[in-house]
Amino acid sequence: MLDISFGLLLFTAIIFGALIYILNNTLYKPLLAHIDKRDKMIRDDLEALKEDSDAIEDANKQANEIIQNAKSEALKIRESATQEAKDKVAQKIEAAQKSIESRYEEFLKDLESQKSALAESLKANLSTYSSAIENKIKNI
């Protein structure tokens, strides 16, 4: 029936061992080396990504600080410009009020002098006006 041949069994074991040795050296070791190399590259890339993300986060913080500083400075400049404009307008209003007041005072003085001149003129011509009124009344 079945007969076991020790020579054939030994030869098969030798071929199997040789195949394992050859596959190990030509396929498995390079494949495992490539997998280890790939794993190391992925770990390095993840570490670099973490460092880059930290650097990006720091840059974002700095950018936000710069933006906040610029906004506050712009606000200060705007408030300063607004205050300067208000001061200039207040000065112009004050100057205009003083000018109006002085012109009003001059007008009142001129009016008073005209009033005095008219009163003097009326007093001077009072006799003429009286006689003219009397003549009118007589004619009625």
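The values are calculated or read from the model by the stated rules, or taken from the named source; none is laboratory data. Just so it is clear, the model here is predicted, and its values are computed rather than measured. Positions of Cβ are generated from backbone atoms using ideal geometry, with glycine treated the same way; all protein chains shown enter the neighbour counts.
Summary table below
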| item | result |
| --- | --- |
| PHE6 being among the aromatic types (Phe, Trp, Tyr) and modelled with pLDDT of 95 or more | no |
| Any hit, region 28-36, residues being on the phi < 0 side of the Ramachandran plot and either over 60 Å from the mean Cα position of the chain (by Cα) or not in a helix (DSSP H, G or I) (or both) | yes |
| Flag for ILE66 being modelled with pLDDT of 95 or more, surrounded by 10 or more Cβ atoms within 10 Å (Cβ to Cβ) and among the aliphatic types (A, V, I, L, M) | yes |
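Okay, residues lined up against (1) among the hydroxyl-bearing types (Ser, Thr, Tyr); (2) at pLDDT 95 or above:
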{"position": "LEU19", "(1), (2)": "no, yes"}
{"position": "ASN25", "(1), (2)": "no, no"}
{"position": "ARG38", "(1), (2)": "no, yes"}
{"position": "LEU46", "(1), (2)": "no, no"}
{"position": "LYS76", "(1), (2)": "no, yes"}
{"position": "THR82", "(1), (2)": "yes, yes"}
{"position": "LYS88", "(1), (2)": "no, yes"}
{"position": "GLU106", "(1), (2)": "no, no"}
